[in-house]
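Read through the structure below, which is laid out as structure tokens, and then see the notes.
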Amino acid sequence: MAVPIAVLDCDLLLYGRGHRTLDRFKLEDVTDEYLMSMYGFPRQFIYYLVDLLGASLSRPTQRSRAISPETQILAALGFYTSEDEASMQSLKDDFYSLAGMPGVLGVVDCTHVAIKAPNAEDLSYVNRKGLHSLNCLMVCDARGVLLSVETHCPGSLQDCTVLQQAALTSQFEAGLHKDGWLLGDSSFFLRTWLMTPLHIPETPPEYRYNMAHSATHNIIERTFRTIRSRFRCLDGSKGTLQYSPEKSSHIILACCVLHNISLEHGLDVWSTSATGQMEQLEEEYEQMESMDSEAYNIRQELLLTHFS
């Protein structure tokens, strides 16, 4: 079945926005880290999109420089994932309007999607409930639009480990997303770019901070519920995904892309009835306290300047 897709005007993207070498760009010539940092998707998923959409994107042309499906997809991904100061400020403003939490670029959490057992010997996909799953990391904005997704991690990995291995962590630690932070729950370490709740709030500012943090972070949990209700193959109600971990990862990522497309076309993230949640395992610990003194000082300054 043909999959319709609206691809941007690639002549504009390639030649009107400074991307004059993308038409000569080859996936095999760059690293996985480069693809994740520039386009937000792993190599195998980009190949998957090329295979899925290649026939639809190949158009007869009389020009000597026909744009390949691979280039069209890369141009579109590059456009969709590009950042500028205005868009970053818009993210912060949208989050601030929710509960008064400043500087937020996104909210992050992990959720498990059940898959069939790869084989009897491989226990890396067995989560703490004894089920086989992928532990998927997602970041969304204040509307529930997914900004970053990693769907390939085995279910045995804790949330903090999944984040540590994510390309997103490398981007923040390299200073690519300055003057802002993500919000994460207590399953993550406090970082200079990741604000977590206080384990035991004692003062009024600390209580106000935790309340604003919780109200803002709740967006990702609601987004998980919405994705689960839209894409019933992920909710486990009809069993696990009966595919390999790699293919299951692609299916989850495809659902995330479709989720974003539905928002672009006016289907509000909260308008879909949700009857349950994608699997979210509670971590064994209540708080992943960090020894990062700089991160601690940033959170203390946030308490003093915005919640006192």
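The values are calculated or read from the model by the stated rules, or taken from the named source; none is laboratory data. Quantities reported herein were computed from a predicted structural model and do not represent experimental measurements. As a convention, Cβ positions derive from the backbone with ideal geometry for all residues, glycine included, and neighbour counts pool all protein chains shown.
Look at region 86-106 and say how many of its residues are outside any helix (DSSP H, G or I) and of a type outside the set (A, V, I, L, M, F, W, C).
4
When you check S124 against the structure, is it hydroxyl-bearing (S, T, Y) and outside any loop (DSSP other than H, G, I, E, B), yes or no?
It is false that S124 is hydroxyl-bearing (S, T, Y) and outside any loop (DSSP other than H, G, I, E, B).
Each row is one residue, and each column tells you yes or no for (1) in contact with a helix residue (DSSP H, G or I) (Cβ under 7 Å, 6 or more places away or on another chain); (2) part of a strand (DSSP E or B); (3) outside the structural domain of T223 (by TED's automatic domain parsing).
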{"position": "R128", "(1), (2), (3)": "no, no, no"}
{"position": "R143", "(1), (2), (3)": "yes, no, no"}
{"position": "L147", "(1), (2), (3)": "no, yes, no"}
{"position": "L157", "(1), (2), (3)": "no, no, no"}
{"position": "T161", "(1), (2), (3)": "no, no, no"}
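Any idea which residue in region 193-238 is surrounded by the most Cβ atoms within 10 Å (Cβ to Cβ), counting only those that are among the aromatic types (F, W, Y) and not in a helix (DSSP H, G or I)? Steps first, please.
Step one: list which residues in region 193-238 are among the aromatic types (F, W, Y), which gives 193, 207, 209, 224, 231.
Among the residues that remain, those that are also not in a helix (DSSP H, G or I) are: 193, 231.
Numbers: W193: 20, F231: 18.
For region 193-238, the residue satisfying everything is W193.
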